[in-house]
Amino acid sequence: MAANPTVVPVALTAPVVQVLSASGDFSNLREIKKQLLLIAGLTRERGLLHSSKWSAELAFSLPALPLAELQPPPPITEEDAQDMDAYTLAKAYFDVKEYDRAAHFLHGCNSKKAYFLYMYSRYLVRAITFREASTFRAREKVKSFK
């Protein structure tokens, strides 16, 4: 993205997906399973591995859907197509936990999926750096007591 430090609101929703109502009506298990399978795929694409695992586990607990009822994958947008090479490379880096490299290759991408992975990679780099610094300071304190 641009070097502008301002906060840009980004909607992280799937493309036009009918979401189940929050009214607590869980009588349509087929629709719930469809939503869970969709969410498992979308979260996996974005590197949200635990969310993907949880939704896949919930989907597994429901009866299987016939082939005719499975949802097709979301369509690829023009922005996604333009950023496909950078996103594919960055996702490979992200999957092997090279978050700094992933963010580097996503810098300047315009698709929502690439932007999300860019910001998530940057967040993880900072979180890991902070955790390592905290661990180092704690070890130094322990050494000073000996």
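The values are calculated or read from the model by the stated rules, or taken from the named source; none is laboratory data. Source: prediction; values computed, not measured. Reconstructed Cβ throughout: ideal geometry from the backbone, glycine too, with neighbour counts over all protein chains shown. Heads up: the accessible areas ignore ligands, DNA and RNA and are worked out on the full protein's heavy atoms, side chains in. Shrake-Rupley method; radii C 1.70, N 1.55, O 1.52, S 1.80 Å.
Numerical summary
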read-out	value
Test: residue 128 is of a type outside the set (Asp, Glu), touching a helix residue (DSSP H, G or I) at 6+ places or on another chain (Cβ under 6 Å), open to solvent by less than 80 Å² (accessible area, probe 1.4 Å) and in a helix (DSSP H, G or I)	no
Residue satisfying all of: in region 40-79; acidic (Asp, Glu) and under 22 Å from residue 109 (Cα atoms); most open to solvent (accessible area, probe 1.4 Å) among these	78
Selection from region 59-92 of residues that are free of Cβ contacts under 8 Å to residues at least 24 places away in the same chain and either β-branched (Val, Ile, Thr) or assigned to a helix (DSSP H, G or I) (or both)	60, 67, 68, 76, 78, 81, 84, 85, 88, 89, 92
Residues of region 110-124 that turn out to be open to solvent by 40 Å² or more (accessible area, probe 1.4 Å) and either at pLDDT below 90 or hydrophobic (A, V, I, L, M, F, W, C) (or both), as a count	1
Subset of region 80-99 (residues that are among the charged types (D, E, K, R) and surrounded by 14 or more Cβ atoms within 10 Å (Cβ to Cβ))	80, 83, 91, 98
Residue count for region 90-140, restricted to those that are over 17 Å from the mean Cα position of the chain (by Cα) and among the hydroxyl-bearing types (Ser, Thr, Tyr)	3
Single unsatisfied condition, residue 59 versus (1) at positive phi; (2) touching a Leu at 6+ places or on another chain (Cβ under 6 Å)	(1)
